[in-house]
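Step one of this worksheet: look at the structure below.
The values are calculated or read from the model by the stated rules, or taken from the named source; none is laboratory data. Just so we're clear, the structure is a prediction, and the values are computed from it rather than from any experiment. Positions of Cβ are generated from backbone atoms using ideal geometry, with glycine treated the same way; all protein chains shown enter the neighbour counts. These area figures cover heavy atoms from the full protein model, side chains too; ligands, DNA and RNA do not enter into them. Shrake-Rupley method; radii C 1.70, N 1.55, O 1.52, S 1.80 Å.
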Amino acid sequence: MPLDEEGIEPFTRHLVDLRLRAEDEAATALGLPTTIYEPIVVPRPWGRAVAYYGHDAGGRQFSYSGTVTANGAISLYMASSTLTERELMAAMDEMHSRLEFDRTPLSN
C-alpha cells in the first residue's frame, strides 16, 4: 500500500534510525570511532529527501542519500578512504543525477 503524507514521516524516521544504527554497529565492529553529522530530512511534494555525511578515525569518508516516495525508498551510500569530502560529494551528486524515480506528489 502506498504511503500518504501522514505515513511518510514515521517511515522516513525509521529509515534514518536504521541507517544510523548500522553506522554505529559498523564503527563498533571495526573499532573505529565515527562522527556523523546530523541527518537532514527535507520535505518534497513527492515525499522526503534524506542525507547525512560522516567520517571515521581511520580516515574513511562516507555519505548517504535517500529518497522516500509513496511507493518506496531509494538509498545511495558511498564510502572512500582516498577521496576528500568534496570529491565524495561530487561522486554522490553525479550518481544521484542519474537516478530516475516517480515524483508524483503525495496524496493528502
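Listed by first and then second residue, the pairs linking a residue in the range 51-63 that is on the phi > 0 side of the Ramachandran plot to a residue that is modelled with pLDDT under 95, with Cβ atoms under 7 Å apart and 6 or more places separating them unless they lie on different chains, are G59/S81. With respect to (1) among the aliphatic types (A, V, I, L, M); (2) closer than 24 Å to G7 by Cβ; (3) outside any loop (DSSP other than H, G, I, E, B), the lone exception for M89 is condition (2).
So is T12 β-branched (V, I, T) and open to solvent by less than 30 Å² (accessible area, probe 1.4 Å) or not? Judged against the criteria, T12 is a match. Looking only at residues in the range 54-86 that are part of a strand (DSSP E or B) and aliphatic (A, V, I, L, M), the one that is farthest from A26 (Cα to Cα) is V68.
Residues considered: Y53, Y77. Of these, the only one that is within 20 Å of F101 (Cβ to Cβ) and under 12 Å from the mean Cα position of the chain (by Cα) is Y77. Residues that are modelled with pLDDT of 95 or more, touching a Lys or Arg at 6+ places or on another chain (Cβ under 7 Å) and not hydroxyl-bearing (S, T, Y): does the range 13-36 have at least one? No, the conditions are met nowhere in the range 13-36. For the range 68-108, what are the residues that are open to solvent by less than 30 Å² (accessible area, probe 1.4 Å), closer than 17 Å to V42 by Cα and touching a helix residue (DSSP H, G or I) at 6+ places or on another chain (Cβ under 7 Å)? If the condition is that a residue be open to solvent by less than 30 Å² (accessible area, probe 1.4 Å), closer than 17 Å to V42 by Cα and touching a helix residue (DSSP H, G or I) at 6+ places or on another chain (Cβ under 7 Å), then V68, L76, L106 are the ones that fit.
Might you check whether a residue that is of a type in the set (D, E) and within 11 Å of the chain's Cα centre (by Cα) occurs anywhere in the range 13-30? Yes, the conditions are met somewhere in the range 13-30.
Annotation: of all residues in the range 32-67 being open to solvent by 30 Å² or more (accessible area, probe 1.4 Å) and among the hydroxyl-bearing types (S, T, Y), the one that is farthest from L106 (Cα to Cα) is T34.
For the range 25-38, the count of residues that are in a helix (DSSP H, G or I) and among the charged types (D, E, K, R) is nonzero.
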